[in-house]
Amino acid sequence: MTAGPVPTGAAAPEPEEPDRLVLHARDVEFDWSRLDLHWIPGEPFATHVINVLHLLLPEGERWFVEVFKQAVPLITDDRLREEVLGFIGQEAVHAEAHAGVLDHMDAHGLDPTPYVEQIAWMFRVVLGDRDLTGRRAQAWLRTRLAVIAGIEHYTAVLGQWVLDARALDAAGADPTMLDLLRWHGAEEVEHRAVAFDLYSHVDGGYRRRALAMGIAAVALAVLWVRGTAFLVRNDPYLRGRVDGRRPRASWALRDGRRGLIPHVGRLARAVPEYLRRRYHPSQHGSTGQAVAYLAASPAARAAEAAERAASAAGSDR
């Protein structure tokens, strides 16, 4: 599937907030054959800052799915169970959608394997299943659910950012890549409360929630910086330098102010937002805007058309 024109991030007027959503996975496909390695023209540093997400997210989202499957038997609320199952379906598709970008990087001479293997080790070994039973096993599950809730706060912030990021359109960013990022971001906004509600249902302790957010925030910052350095260093066109210079931390502030990448200040503010005792994910982000984008996304529309066609073909048999 080749993506067509992509709607801009911000909607005007502001879409109405739907009363309730039924979460479902959209089996999207993307054609990367025409994607430039530096898909924001003339902005290799900003491109790779965002490209880190392709390295981080697939392994993380596969881990989310496995942990949530372990938590499903503990859910006693039918509506929450339905939302968790919808979340699992969406996250599984997210992981596979980004895998195509990694293959495209490799084809352009940038092998992401060394960094991705480190990420896989973190999720599968450090945060993976342990040989525990009874209360210790339940405590480890609740801790991991708390970590996922903290990470999902960040993914919702990033999702809202990319929906609003009209500077990417103005910079001529590749439309297929924008559709991937905005489709994914819209679904993150759409299901932003599920991980928090599941943790609240299974445990809900503030101390564990706060500690887990601290872990998630520090890990995200470290991995993002290391991932950007890895991509710039291994980019065959850059070999560690952009316009003859090594990347600097100030470039992240500069490109954040320009709207090409998430602003560091916005990411920092996400922590105290989450640590408010009365915090709930519904207080941030626009579900209406997310749903409006998903209704217009070329990839999501093609996926739903294919689903309808398959359903019609099945009913005719």
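The values are calculated or read from the model by the stated rules, or taken from the named source; none is laboratory data. A quick note: this is a predicted structure, and the numbers were derived from the prediction, not measured. No Cβ is skipped: glycine too gets one built from the backbone with ideal geometry, and neighbour counts run over all protein chains shown. Accessible surface is based on the protein model in full, side chains and every heavy atom, while ligands, DNA and RNA are left aside. Shrake-Rupley method; radii C 1.70, N 1.55, O 1.52, S 1.80 Å.
Some values worked out for this structure:
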quantity: Selection status of Ala313, among the hydrophobic types (A, V, I, L, M, F, W, C) and open to solvent by less than 10 Å² (accessible area, probe 1.4 Å); calculated: no
quantity: Per-region count, the stretch 9-34, residues under 20 Å from the mean Cα position of the chain (by Cα) and either over 30 Å from Asp243 (Cα atoms) or modelled with pLDDT of 65 or more (or both); calculated: 13
quantity: Filter result for the condition that a residue is open to solvent by 40 Å² or more (accessible area, probe 1.4 Å) and either touching a strand residue (DSSP E or B) at 6+ places or on another chain (Cβ under 7 Å) or of a type in the set (Gly, Ala, Ser) (or both), over Ser286, Ser250; calculated: Ser250
quantity: Scan of the stretch 197-230 for residues that are within 21 Å of His94 (Cα to Cα), open to solvent by 20 Å² or more (accessible area, probe 1.4 Å) and not small (Gly, Ala, Ser), ordered by number; calculated: Asp197, Leu220, Leu223, Trp224
quantity: In the stretch 124-133, residue nearest to Ala99 (Cα to Cα) [restricted to those that are open to solvent by 50 Å² or more (accessible area, probe 1.4 Å) and more than 21 Å from the chain's Cα centre (by Cα)]; calculated: Val125
quantity: Verdict on Pro262 being closer than 22 Å to Leu180 by Cα, modelled with pLDDT of 95 or more and not in a helix (DSSP H, G or I); calculated: yes
quantity: Candidate set: the stretch 186-196, residues that are over 22 Å from Val28 (Cα atoms) and in a helix (DSSP H, G or I); chosen: the one most open to solvent (accessible area, probe 1.4 Å); calculated: Phe196
quantity: Given (1) at pLDDT 95 or above; (2) under 24 Å from Ala167 (Cα atoms), number of the condition Ala249 does not satisfy; calculated: (1)
quantity: Among the residues listed as Trp121, Trp183, Trp161, the single one being open to solvent by 40 Å² or more (accessible area, probe 1.4 Å), in contact (Cβ under 8 Å) with a residue 24 or more places away in the chain and of a type in the set (Phe, Trp, Tyr); calculated: Trp161
quantity: Count of residues meeting criterion [in contact with a Leu (Cβ under 9 Å, 6 or more places away or on another chain) and open to solvent by 10 Å² or more (accessible area, probe 1.4 Å)] in the stretch 87-110; calculated: 7
quantity: Residues satisfying the stated conditions in the stretch 278-317, i.e. assigned to a loop (DSSP other than H, G, I, E, B), modelled with pLDDT of 95 or more and of a type in the set (D, E, K, R); calculated: Arg278
quantity: From the options Arg276, Arg258, residue that is over 17 Å from the mean Cα position of the chain (by Cα), without any contact (Cβ under 8 Å) to a residue 24 or more places away in the chain and open to solvent by 70 Å² or more (accessible area, probe 1.4 Å); calculated: Arg276
quantity: Some residue of the stretch 303-316 being without any contact (Cβ under 8 Å) to a residue 24 or more places away in the chain and closer than 21 Å to Glu190 by Cβ; calculated: yes
